[in-house]
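Only one structure is covered here, and it is reproduced in the block below.
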Amino acid sequence: MKLILAVLVLALVLVVGTQAQWHRYPGQAIGGAKDMYRAYQDMRKANWRGADKYFHARGNYDAARRGPGGKWAARVISDGREALQGLSRRGNSDAAADQAANRWGRNGGNPNRYRPKGLPRK
């Protein structure tokens, strides 16, 4: 009986603990979308050849650090962007590399792995 009660209490704690965070999800998603936009703006401002993978990884990394909502926003934005570009690209050769950089950042990998030499810190 005690074992059954302990299992039920543990299950209840897990369910309540995970469900108690639902109210943070939208804020995390909005913050993650802002992180992705900031990385895009920084990429445009830097105008550095070969730096796009770094900014892909950095945007996804920053967004995912916000929590599950940020990670979701990063995945939706990244996948949507690649899908749209796939329709307009002549050669889809670097779409797989872009998606690899997206996944790397989203899964907590250091974005500096993709940072090209000479890219200013700012």
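The values are calculated or read from the model by the stated rules, or taken from the named source; none is laboratory data. The structure displayed is predicted, hence computed values, not measured ones. When we count neighbours, we look across all protein chains shown, and the Cβ atoms used for this are built from the backbone with ideal geometry, even at glycine. SASA here: full protein model, heavy atoms, side chains in, ligands and nucleic acids out. Shrake-Rupley method; radii C 1.70, N 1.55, O 1.52, S 1.80 Å.
Quick one: what pairs do we get from the range 110-122, first residue under 8 Å from TYR54 (Cβ atoms) and touching a residue at least 12 places away in the same chain (Cβ under 8 Å), second part of a loop (DSSP other than H, G, I, E, B) and open to solvent by 70 Å² or more (accessible area, probe 1.4 Å), C-beta under 7 Å, 6+ apart or different chains?
Short answer, once both residue conditions are applied: PRO116/TRP48; LEU119/TRP48.
Test of understanding: among ALA46, ALA33, ALA74, which residue is among the small types (Gly, Ala, Ser), in contact (Cβ under 8 Å) with a residue 12 or more places away in the chain and open to solvent by less than 20 Å² (accessible area, probe 1.4 Å)?
ALA74
Quick check on my filter: what residues within the range 48-65 are under 9 Å from the mean Cα position of the chain (by Cα) and among the basic types (Lys, Arg)?
Passing the criteria: ARG58, ARG65.
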